[in-house]
Ligand SMILES: Nc1ncnc2c1ncn2[C@@H]1O[C@H](COP(=O)(O)OP(=O)(O)O)[C@@H](O)[C@H]1O
Ligand SMILES: [Mg+2]
């Protein structure tokens, strides 16, 4: 597997230039982590554990005070490569309203590639393609403020993919959306990963979203405390609870059933799986 983003023993704190006495609390501490090309990784953790800081370190919005971050082997502290890094790793944030700059959807999506100096005919092609990829092509002449939250967030994602990044980092892109908007955004990002091979780092606090990742990284206090497939991570119910996180409902219910003596698999992630497993058991008994 090819490495794409690599954190090598990274520590980071926000240094207060005006208050030199402030004890600059370490926000990211000796973090080492490799994200491979084509991966879909979810990052979980409670508020303030350093997820957004981690995201900003991925495309050189911040650089570490010690250790290194590499994007496709480029050291993010190399200022001469900033443009390359920003082209390779696109960022999507929580609030779509802060990311939409134009009054017509297709102009908004064109904004990024225009800034990169892409030729007009190529911009046209990319805008259409990006809007089709997020299933917002029919809304290309619409005014963004008339769209739902999920639709706006998909336009924001189209604006990023029109710049042809190899990786997108989404920092709680569904936090402000209703359940339908959340599903739309997750489905869109899954498709970008599966069909177009875009590497995805998806920060969320929704367990049902993390279940859909290839890999789940759980952060606490600036460190990685769990890292594995969704099944491996969500089986660690006590550990997750001890750092203030929930586990998927089905996983928790399974654990309770096992505790009460029912012989179930321990790695169940959703209700369908649980129902199937119970059906299998009852059929085996009859
Ligand atoms: N720009 C900033 N200046 C100073 N401290 C900050 C800044 N941004 C975040 N922090 C602090 O860094 C810690 C981690 O924040 P953040 O990365 O935003 O966590 P999360 O995204 O997991 O909620 C928090 O204690 C937060 O208060
Ligand atoms: Mg955050």
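Considering only DSSP beta bridges with both partners in the chain, what is the antiparallel share in %, to the nearest 5?
Numbers: 19 of 36 bridges.
Counting only bridges with both partners in the chain, antiparallel ones make up about 55 percent.
Pairs of Cα atoms under 8 Å, at least six residues apart: use those to get the relative contact order of the chain, whole percent. Each step should come with its number before you reach the end.
Numbers: 524 pairs, mean separation 58.9, N = 286.
About 21 percent, as a whole number.
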For this session: Just report the Cα centroid separation between region 55-69 and region 145-191, whole Å.
Result: 24 Å
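Which of the peptides 258-268, 211-221, 232-242 is most tightly packed, and how do the rest follow, going by the mean number of other Cβ atoms within 10 Å of each residue?
On the way: 258-268: 12.5, 211-221: 20.2, 232-242: 17.5.
Going by the mean number of other Cβ atoms within 10 Å, highest first, we get 211-221, 232-242, 258-268.
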Seminar exercise, completed: So residue 180 and residue 36, fully extended at 0.36 nm per residue minus their Cα-Cα distance, gain in nm 48.9 nm
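If I take R0 = 51 Å and measure r between the Cβ atoms of residue 249 and residue 84 in this structure, what FRET efficiency does the formula 1/(1 + (r/R0)^6) give, to the nearest 0.05?
Numbers: r = 43 Å, r/R0 = 0.85.
So the FRET efficiency works out to roughly 0.75.
Peptides 187-200, 101-114: what's the order by average Cβ count within 10 Å, highest mean first?
Ranking the peptides 187-200, 101-114 by packing returns 101-114, 187-200.
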Exercise. Using 7 Å Cα-to-Cβ label points, what is the residue 61/residue 121 separation (nm, one decimal)?
Worked result: 3.6 nm
Exercise. So if we plug the beta-carbon distance of residue 256 and residue 196 into 1/(1 + (r/R0)^6) with R0 = 51 Å, what FRET efficiency do we get, rounded to 0.05?
Worked result: 0.80
Problem set entry | Estimated FRET transfer efficiency (residue 138, residue 270; beta-carbon r; R0 25 Å; 0.05) | 0.20
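Rule-based calculations on the coordinates, nothing more; no lab input. Remember, predicted model here, so these are calculated numbers, not experimental data. As a convention, Cβ positions derive from the backbone with ideal geometry for all residues, glycine included, and neighbour counts pool all protein chains shown.
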